[in-house]
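The values are calculated or read from the model by the stated rules, or taken from the named source; none is laboratory data. Note that the structure is predicted; figures quoted are calculated from it, not measured. Virtual Cβ from ideal backbone geometry, glycine too; neighbours counted across all protein chains shown. In case anyone asks, the SASA skips ligands and DNA or RNA and just uses the protein heavy atoms, side chains included. Shrake-Rupley method; radii C 1.70, N 1.55, O 1.52, S 1.80 Å.
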Amino acid sequence: MSRYWTDTVKNIKPYVPGEQPKDRKYIKLNTNENPYPPSQSAIEAIKLAADDTLRLYPDPSGDALRDAIAGYFSLRRSNVFIGNGSDELLAFCFPAFFEPSGLPILFAEITYSFYPVYAAFFKTPYRLIPVDEEFNVPVEGYFQENGGIIIANPNAPTGKGLDLASIETILKQNAASVVVLDEAYIDFGGRTAAGLVNRYPNLLVIRTLSKSHSLAGLRVGYALGSEELIEGITRVKDSINSYTVDRLAQAGAREAIKDDAWFQETRSKIIKTRERVTARLKDRGFVVIPSEANFIFIASPQCPGRILFQRLREKGILVRYFDKPRIDNYLRVSIGTDEEMDSFLAAVADICG
């Protein structure tokens with residue numbers, strides 16, 4: 001531990017991203033990446049943008065991309081913010097909306113593990129909302145005094161989603177708090193709350209092109225919200241780095257948003273594969289949590305989660321294992337191509353007998 005570190009850095013437990021292996025070729029089902037190539041229109045736009053204008057800074061506000069996103073959701077440019085992946089946007093929310101000396105913010109007991117990391121880093125108090133035995137998050141858990149709310153919908157790592165009626169109930173009960181809705185996986189079965197932005201000034205919807213648009217390597221996320229909330233996170237961004245989304249990323253993301261035919265076809269394939277694999281695993285006696293995401297959360301009655309994780313890795317298949325209370329017997333499995341998932345199912349059959 002360095003003597004030059006601040007107390008914050010000394011005490012923080014950083015988020016651990018999914019493994020990106022370099023030792024051999026694996027079937028990667030561990031980081032919820034899309035198994036299909038990006039829109040060809042997006043790739044061509046990136047190639048065209050790679051010209052001598054790279055000597056110039058990109059548009060700091062990304063107006064062309066914001067216009068494309070706003071048009072897609074029938075919003076105004078002023079309702080859209082873009083950033084370097086949705087994780088960056090989530091980080092901006094803490095200094096923008098949550099007071100370190102204020103009431104605790106609320107998020108689920110089992111959810112995206114970056115939330116408590118951000119809370120610790122920004123010294124924001126928080127309170128966990130318990131989930132039930134089937135990993136449901138009770139809406140009533142959010143009916144208490146708070147300094148803000150973060151909800152992953154669908155939730156991670158479980159894949160369970162809340163319907164729009166439940167989201168609206170939470171918004172109405174918390175009119176004085178900012179409710180951040182993390183919709184990283186919403187395109188694989190849930191209904192986006194983007195249409196609620198103009199009705200609830202306390203709602204900020206955060207989305208990403210990493211999953212449903214196959215652009216994890218491009219790092220583009222965006223937020224939808226009232227002008228007041230968008231200005232808040234813009235102030236944070238411009239106090240840290242005005243140029244968070246580069247020229248190539250803006251060009252590729254803009255065309256990806258426009259290519260709705262590619263988007264609809266690709267997500268439909270993933271949903272169909274998810275349902276097929278879910279049925280096969282249930283036939284083998286697995287517990288499979290109902291998922292609205294591009295992953296499934298599974299447990300085997302014959303093989304403990306840690307052992308199954310290790311055995312799959314030995315067979316060249318990476319999945320995600322969380323060594324945490326209540327979920328340490330589960331694995332999160334990203335949905336790959338049909339061929340990749342067939343290999344996964346064959347490996348599971350061999351391991352679990």
Ranking 111, 38, 15 by how far each Cα lies towards the positive end of the charge dipole of the stretch 1-126 (+1 on Lys and Arg Cβ, -1 on Asp and Glu Cβ), the top one is 15
Of the DSSP beta bridges with both residues in the stretch 145-251, give the percent that are antiparallel, rounding to the nearest 5. 40
Which of the lysines could a cross-linker span from residue 22 if the Cα-Cα distance has to be under 17 Å and same-chain partners fewer than 8 positions apart are dropped? 315
Under a Cβ-Cβ cut-off of 13 Å, what is the net charge of the residues other than residue 335 that fall near it, where Lys and Arg count +1 and Asp and Glu count -1? +2
The stretch 218-241-the stretch 135-203 distance, computed between alpha-carbon centres (Å): 19
Compute, for residue 341, the solvent-accessible surface of its heavy atoms (probe 1.4 Å) with the complete set of protein chains present, and express it in square angstrom to the nearest 10. 0
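Between residue 76 and residue 173, take the C-beta separation as r, use R0 = 22 Å, and let me know the FRET efficiency to the nearest 0.05.
Numbers: r = 27 Å, r/R0 = 1.23.
Step by step, r from the Cβ atoms, then E = 0.25.
Out of all DSSP beta bridges with both ends in the chain, state the antiparallel percent to the nearest 5. Show your work: numbers first, answer last.
On the way: 18 of 33 bridges.
Taking every DSSP beta bridge with both residues in the chain, the antiparallel ones total about 55 percent.
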Dipole moment magnitude, nearest 20 debye, the stretch 207-313 about Cα centre, only Lys, Arg, Asp, Glu C-beta charged: 820
Ranked highest first by the average count of other Cβ atoms within 10 Å around their residues, in what order do 18-25, 162-169 fall? 162-169, 18-25
At what distance in nm do the modelled label points of residue 8 and residue 324 sit from each other, each positioned 7 Å from its Cα along Cα→Cβ? 2.2
Label-point separation, residue 52 to residue 136 (7 Å along Cα→Cβ), nm: 6.4
Once the other residues with Cβ under 11 Å from the Cβ of residue 18 are scored (Lys, Arg +1; Asp, Glu -1), what is the net sum? +1
Per residue of the stretch 21-37, what does 6.51 cos²θ - 1.76 cosθ + 1.60 with θ = phi - 60° give for ³J(HN,Hα)? Whole Hz please, x for Gly and Pro, Karplus curve as stated. x, 10, 7, 6, 8, 10, 7, 8, 10, 10, 10, 6, 6, 6, x, 9, x
Span per principal axis, largest first, for the Cα atoms of the chain (Å): 56, 51, 50
Ordering 314, 340, 183 by accessible area with a probe of 1.4 Å, largest first, what comes out? 314, 340, 183
Neighbours of residue 314 by Cβ distance under 12 Å: Lys/Arg at +1, Asp/Glu at -1, summed charge +3
Point-to-point label distance, residue 276-residue 337, nm (Cα→Cβ direction, 7 Å offset): 1.3
Checking the cross-link filter: which lysines have an alpha carbon closer than 16 Å to that of residue 269, excluding same-chain neighbours under 8 positions apart? 211
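Under the classification rounded if a/c is under 1.5, otherwise prolate if a/b is larger than b/c and oblate if not, where does the stretch 164-269 fall, given a ≥ b ≥ c as square roots of the Cα gyration tensor eigenvalues?
Values: a/c = 2.60, a/b = 1.19, b/c = 2.18.
Note, shape of the stretch 164-269 comes out oblate.
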